[in-house]
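Taking it in order: structure first as structure tokens, then the write-up.
Nothing in this text is a laboratory measurement; each read-out follows from the coordinates by a stated rule. None of these values were measured; they are calculated from a predicted model. All Cβ positions, even for glycine, are placed from backbone atoms using ideal geometry, and neighbour counts span all protein chains on display.
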Amino acid sequence: MTGAAAAAARWAAAWKVGWEALDPDPILACYAADALLSTEPYRVPYRGVAGVREYVTAAFAEEDGPRVWMADPIVEEDRAAVSWWACLREGGVETTLAGTSVLRFGADGLVITQWDTWNRWSGQREPPPGSPFSADANRTDVRRASRAPGS
């Protein structure tokens with residue numbers, strides 16, 4: 001695994017764990033001191049680890065019970081794209097978020113820039129079949145039913 005591939009996998013795992021626990025610390029450990037985080041195309045980007053903390057803390061304060069899925073990163077040189085999906089309650093309203101983060105890593109494997117694009121769905125909807133993540137890819141509470149041949 002290349003440096004960027006390992007960094008992207010680490011970023012995806014940190015976001016999954018941190019988001020589901022509503023804990024910014026695993027996430028913050030992935031960012032360079034002077035990182036730039038753009039969470040929406042027309043929003044002023046957040047700067048540095050303090051800016052990332054500001055964004056993540058504010059977002060998590062509005063959320064409850066997130067279940068998060070991360071696709072395998074697509075990596076090219078020092079950049080990666082990671083698609084993600086989350087079902088949660090935001091301000092008490094069931095919501096689904098689906099998006100992609102485009103990341104660039106420094107030589108130390110920390111995020112230098114992150115540009116996000118995402119969509120919101122009213123209600124909770126698990127990832128559809130054929131998406132980069134199956135509906136149960138990252139869940140531990142799913143029981144697989146066995147089916148008799150021909151049923």
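If you go through the stretch 46-70 one residue at a time, how many are over 21 Å from G123 (Cα atoms), in contact (Cβ under 8 Å) with a residue 24 or more places away in the chain and surrounded by 15 or more Cβ atoms within 10 Å (Cβ to Cβ)? Number of matching residues: 3. Counting the residues of the stretch 97-136 that are more than 30 Å from R47 (Cβ to Cβ) and basic (K, R) gives 1.
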